[in-house]
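Shown next, in C-alpha cells, is the structure this report addresses.
The values are calculated or read from the model by the stated rules, or taken from the named source; none is laboratory data. This structure is a prediction, so every number in the text was calculated from the model and none was measured. The accessibility values were calculated without ligands, DNA or RNA, using every heavy atom of the protein model including side chains. Shrake-Rupley method; radii C 1.70, N 1.55, O 1.52, S 1.80 Å.
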Amino acid sequence: MKPIFYIVLLFATGISLLSAPGPAWADERVAPFGFGIGTFNYDETLQHLSEKGWKFVEYEKKQFKEIDRTSPRRGENTFLKIMDHNLSGVKSILLFFGPQSVLRAILINLEPQLFAVTMADLGSKYRIIQKNLDGEFYSSDYPHILYEKNDVTIELQMYSPHRVRLLYVESLVWENYRNFLQKVYEPHRNQENRKAWMKDL
C-alpha cells in the first residue's frame, strides 16, 4: 500500500503546484516608464506625464496634424510626442492612443549603440518569440527581436545602422502598428528632418 500512497501524494503535490499562482511578476502589466500598455486611459497618461514633468505635443495619427490642447479630439486616434524627457540615450518617445482613448503602444527611439544592451535587458524580463538579426536595413525585414509578456508584444528594431526603435504594443494590434511605423512614420520623420534651405538646392 505504501507505493500507492506515495504515488497519490506525489500526484496531489504536482496538481497543487500547477494550480498555485506563479511569481508575483508573472501577472504584472507591461508598463515602460510606468505607462500601462492597454490599461492607461488618456487622462491617466496625462497625469503620469505631469508627475514626471514631461511636456508633449499631440498629433493626429493619420494626418500628423498638431492638435490643440482644447480640442475635443484629444486622445482618440492620436499620439503624444514627448518633448523633454531627459533620458540618456533616448532620442524620442511617442505614445499612441486608439479610438477608445486607451494607450495602445509606446515607441522609443534609441541611440544605436544601445541596441545590444537593450536586447540583453529585455531578454531577462520578457519571453523571446522571434529573433532575426540578419535582416536587411531600410526594408520590412530589418533586424529585430520580438518579445512577449501577457498580451503585449515588444519589438526591438534596428531599422538602419543609425535608427533603433523599441516598440511596446498590444499583441492584437501589433501588426497594424508595425506597418504604420514602416509606411507612415518614416516618411513623416524624413519630412521633419528637411531644412528650409533645401528647397533652394
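What to note about this one:
- Checking LEU122 against (1) modelled with pLDDT of 95 or more; (2) assigned to a helix (DSSP H, G or I); (3) open to solvent by 10 Å² or more (accessible area, probe 1.4 Å), the condition it does not meet: (3)
- Qualifying residue in the range 163-180 (condition: part of a loop (DSSP other than H, G, I, E, B) and open to solvent by less than 70 Å² (accessible area, probe 1.4 Å)): no
- Count of the range 117-137 residues, restricted to those that are of a type in the set (A, V, I, L, M) and under 22 Å from LEU94 (Cα atoms), is 3.
- Residues within the range 64-109 that are assigned to a loop (DSSP other than H, G, I, E, B) and open to solvent by 70 Å² or more (accessible area, probe 1.4 Å), tallied: 14
- Extreme residue, farthest from THR45 (Cα to Cα), among residues of the range 129-155 that are open to solvent by 40 Å² or more (accessible area, probe 1.4 Å) and under 15 Å from the mean Cα position of the chain (by Cα): GLU148
- Residues in the range 39-60 that are in a loop (DSSP other than H, G, I, E, B) and open to solvent by 30 Å² or more (accessible area, probe 1.4 Å): THR39, PHE40, GLY53, LYS55.
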